[in-house]
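The values are calculated or read from the model by the stated rules, or taken from the named source; none is laboratory data. Computed from a predicted structure; not experimentally measured. Neighbour counts run over all protein chains shown; Cβ positions are idealised from the backbone, glycine included. Ligands, DNA and RNA are stripped out before the accessible areas are found, and what is left, the full protein with its side chains, is counted by its heavy atoms. Shrake-Rupley method; radii C 1.70, N 1.55, O 1.52, S 1.80 Å.
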Amino acid sequence: MMEFIESVAGRAGTEAMKYFKHEKTNRISSKKSVKDLVSTADKAVEKVIVDAIRERYPEHDIYGEESGRSGASSEYCWVIDPIDGTQSFVKNHPYFSISIALKKNGAAVAGCVYAPALGMMFSGEEGKGAFENGKTVHVSDCDRLENAACSTGFACLRAGVRKNNLPYFNRIVPVIRDIKCCRSAALDLCFVASGRYDASWELCLQEYDVAAGALICRLAGGRVCDLRGGENYPADGTLSGTPALVEQLLPYFRDQEKSR
């Protein structure tokens with residue numbers, strides 16, 4: 001299964017790069033708000049992925065960011081984000097990714113996150129582990145917040161949500177070593193999986209943003225949970241990292257909730 005997903009991600013990446021390199025015209029429009037973008041590339045890349053899945057597994061359900069849900073009868077469902085980080089993509093920033101996950105009875109069992117402009121392909125499958133360009137990856141050994149390099153994002157601000165990430169950000173950043181914001185939640189999860197980041201958190205994500213990355217992070221020895229420590233992510237926020245750091249970060253979210 002992983003070989004098939006990686007192959008599809010590779011084809012999708014080739015299509016994405018045609019727009020990224022301006023070989024094809026990328027028209028930009030807004031979704032529900034002027035800050036939430038969709039492009040010709042998003043739709044074209046999703047079509048590449050959906051067509052490949054339909055040809056190989058016509059009986060499977062599909063949930064794509066751009067095309068929505070199709071089918072509701074199979075135990076298998078493909079969850080697709082054709083370009084995670086459209087804001088970066090349209091500005092020619094290389095930190096965007098293609099995310100493809102396969103769920104069985106609601107649980108992710110295989111997935112791939114491909115960053116074609118960076119030449120990084122992360123993948124994982126239950127029982128086989130997590131990989132970057134074919135090599136096994138594992139989360140870092142960081143176990144103290146003062147030594148941690150973390151990442152976050154602000155989809156919540158783009159969505160105009162009143163309960164947003166800023167209070168958490170203001171509390172956590174002073175106690176950690178470094179903070180990053182590269183604007184692809186799927187890639188952030190994979191950077192945690194590969195030890196580039198020690199932890200990551202974000203609010204207002206969707207299932208297609210995290211399905212593949214969360215699986216890869218977990219298979220690499222990381223912990224992924226909501227901001228309360230439960231399993232209701234991404235609805236209640238998404239926190240990932242080394243198990244030790246997740247435990248140390250959870251009180252910052254819980255305490256902030258009490259003060260709201």
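Brief remarks on what is shown
- Accessible area per residue for segment 135-260, computed on protein heavy atoms with a 1.4 Å probe, is 42 Å².
- Here r is the Cβ-Cβ distance between Arg144 and Thr25 and R0 is 51 Å; the resulting FRET efficiency, rounded to 0.05, is 0.55.
- Distribution of pairwise C-alpha distances over segment 112-260, 5 Å bins, in %: 2, 11, 21, 24, 21, 12, 6, 2, 0, 0
- Each label was represented as a point 7 Å from its Cα along the Cα-to-Cβ direction; for Asp236 and Leu118 these points are 2.9 nm apart.
- Inter-centroid distance (Cα atoms) of segment 202-222 relative to segment 163-181, Å: 19 Å
- In this calculation the C-beta distance from Asn170 to His93 is compared with R0 = 30 Å, giving a FRET efficiency of 0.75.
- Using alpha carbons only: equivalent-ellipsoid semi-axes of segment 1-121, gyration tensor based, whole Å: 24, 16, 12
- Carbon/sulfur fraction of accessible area - segment 134-257, other protein chains in place, 1.4 Å, %: 48 percent
- Per principal axis, descending, Cα span of segment 89-145 in whole Å: 37, 34, 24
- Global form of segment 116-158, assessed from the alpha-carbon gyration tensor, a/c cut-off 1.5: oblate
- For the chain, calculated [θ]222 nm from helices alone, where every DSSP H run of n ≥ 4 adds -39500 (n - 2.57): -10500 deg cm²/dmol
- Maximal additional length on extending the Arg162-Arg254 stretch stands at 31.4 nm, based on 0.36 nm per residue less the C-alpha distance.
- Heavy-atom accessible surface of Ser7, to the nearest 10 Å², is about 60 Å², with a 1.4 Å probe and all protein chains retained.
- Per DSSP, loop trypsin sites (Lys or Arg not before Pro) in segment 51-135 with at most 11 further Cβ within 10 Å: Lys91
- Charge dipole (Cα centre; +1 on Lys/Arg Cβ, -1 on Asp/Glu Cβ; no other charges) of segment 1-136 amounts to roughly 500 debye.
- Cα convex hull volume per residue for the chain (Å³): 118 Å³
- Projecting the Cα atoms of Tyr168, Ala148, Phe131 onto the dipole axis of segment 128-251, where Lys and Arg carry +1 and Asp and Glu carry -1 at the beta carbon, places Tyr168 farthest toward the positive end.
- The fraction of accessible area contributed by carbon and sulfur in segment 1-92 is 48 percent, rounded to a whole number (1.4 Å probe; ligands and nucleic acids excluded).
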